[in-house]
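**Q** Can you keep this structure in mind? I'll have questions shortly.
The values are calculated or read from the model by the stated rules, or taken from the named source; none is laboratory data. Quick caveat: nothing in here was measured; it's all calculated off a predicted structure. All Cβ positions, glycine included, derive from the backbone under ideal geometry; neighbour counts span all protein chains shown.
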């Protein structure tokens, strides 16, 4: 308990150092563009792949296990859409990104710490937390709506694939279900939630990487801790945000 | 000039540095030597501000580093250059970008001038042709030379080198030593080198501080090492048969 509080304090101090006016805006935007590519653009592939197949699988599962003669034919499309919009494309996708992006951030910063690259920045008079962490947070938070939108799109495309190529469901019924009782707010719910999750992934992973002490084993442990801690925090905040946003 | 006055540092009740008082003059290569674990790195980290001593004063040309506020410390750090044991180059940047980094960050010069300065620094360390390579693509000796070029890019007044020769072959070590020494004289910098490389000690040690178990055991020049009667210093410096023979030959020459 004491250690957890101590870590929370260290995290707050680090965030205090992180959020400040950058030394040189030109350098900030250079780093921001680099992180945008590394954390955001490079994640599009995995988001597309997973969302497409999960969208297809949800559609098949609902059709085979839930839908019956007593239910309207649009149920499958309707449930697939609600699952993708409300949970999968925001929360579950961010849990997956916590694994990919979180471990990337923690291991990169951890390696920079153990190879004294962060010390080199400090000696030069650079606020290393501001220079290294702020562009990562800014990049992931600003790119996450794009990833969520891509995930929703890919998931629905996956559902259509089951209709077009699998013949499991009629494409017209699916379209009707996808459009039935559509609430635009649910799209915003997903995007709003993802902003919080992106902040958690980038900041928590940066904290674990930045505060590494030791060698390669410590970097590996920091990477694992970053993913575990980010995932737990995403799940907790998902509970609160869902209650808050869908009331 | 950097002056230390009664610097003390401990970790969890264990004293690592005890009452260190000395002066590191500019235009000279000042060496800190001692066995592994004697407190050399802690002393250097305390001088550059990566660690905070519990007691004492660290004066940079009369300015007490420990009493400075955050802004003043950052301003002073821009007058410092440091070469780390591992070179600590940014591995996501090319050699040229590494040297450009401090200039991009702090210089108000135009891009053309910054590029010119970075290229000049790389030429100074004979690495003009490796500009577009990444640190992972060059040898350890070349990495150290890039670190030197990066450290001098902003023309610092104070240069710190933490074991610059570790992991290098004797010939490359000599090149690095010679480079640091000539740059120190050229820019009239205050250079502090942490080392336990005896070739460096006997080659470029204008002023040598010997630390033993966190205490200042001996201070002098490379010439005085041969005549010192300090048993701990002699045990440390002339530990190998080769160096014992060097000492005997030196003494014979002097007596002759």
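**Q** Would you check which residues across segment B:82-100 are in contact with a helix residue (DSSP H, G or I) (Cβ under 7 Å, 6 or more places away or on another chain) and either more than 23 Å from residue B:50 (Cβ to Cβ) or at the interface with another protein chain (Cβ under 8 Å from one of its Cβ atoms) (or both) and list them?
**A** Within segment B:82-100, B:82, B:84, B:88, B:89, B:90, B:91, B:95, B:96, B:100 meet the criteria.
**Q** Across segment A:36-75, what is the total count of residues that are closer than 19 Å to residue A:153 by Cα and within 14 Å of the chain's Cα centre (by Cα)?
**A** The number of residues fulfilling the criteria is 11.
**Q** Moving on. Given the structure, is residue B:233 touching a strand residue (DSSP E or B) at 6+ places or on another chain (Cβ under 8 Å), assigned to a helix (DSSP H, G or I) and farther than 26 Å from residue B:122 by Cα?
**A** yes
**Q** Which strands (runs of 3 or more DSSP E) sit wholly inside segment B:1-83 and have at least 2 residues that are over 17 Å from the mean Cα position of the chain (by Cα)?
**A** B:2-11, B:14-24, B:55-60
**Q** Within the group A:177, A:155, which residue is under 13 Å from residue A:55 (Cα atoms) and at pLDDT 90 or above?
**A** Going through A:177, A:155 in turn, the sole match is A:155.
**Q** Taking helices (runs of 4 or more DSSP H) that fall entirely within segment A:26-123, which contain at least 2 residues that are touching a helix residue (DSSP H, G or I) at 6+ places or on another chain (Cβ under 8 Å), more than 14 Å from chain B (Cβ to nearest Cβ) and surrounded by 18 or more Cβ atoms within 10 Å (Cβ to Cβ)?
**A** Those helices (runs of 4 or more DSSP H) span A:44-61, A:75-83, A:93-97, A:103-114.
**Q** With A:226, A:171 as the choices, which residue is surrounded by 14 or more Cβ atoms within 10 Å (Cβ to Cβ) and modelled with pLDDT of 95 or more?
**A** A:226
**Q** Among what's in segment A:13-25 and is assigned to a helix (DSSP H, G or I) and closer than 18 Å to residue A:105 by Cα, pick the residue that is farthest from the chain's Cα centre (by Cα).
**A** Only one residue fits best here, namely A:17.
**Q** So which residues in segment B:55-78 are within 9 Å of chain A (Cβ to nearest Cβ) and touching a residue at least 60 places away in the same chain (Cβ under 8 Å), if there are any at all?
**A** Residue satisfying the conditions is B:78 alone.
**Q** Here's something else I'd like to know. Can you find a residue in segment B:24-41 that is at pLDDT 90 or above, out of contact with any helix residue (DSSP H, G or I) (no Cβ under 6 Å at 6 or more places or on another chain), crowded, with 18+ Cβ neighbours inside 10 Å and within 14 Å of chain A (Cβ to nearest Cβ)?
**A** The answer is no, given that none of the residues of segment B:24-41 is at pLDDT 90 or above, out of contact with any helix residue (DSSP H, G or I) (no Cβ under 6 Å at 6 or more places or on another chain), crowded, with 18+ Cβ neighbours inside 10 Å and within 14 Å of chain A (Cβ to nearest Cβ).
**Q** Another question, then. If I go through segment B:46-102 residue by residue, how many of them are at positive phi, crowded, with 21+ Cβ neighbours inside 10 Å and modelled with pLDDT of 90 or more?
**A** Total meeting the criteria: 1.
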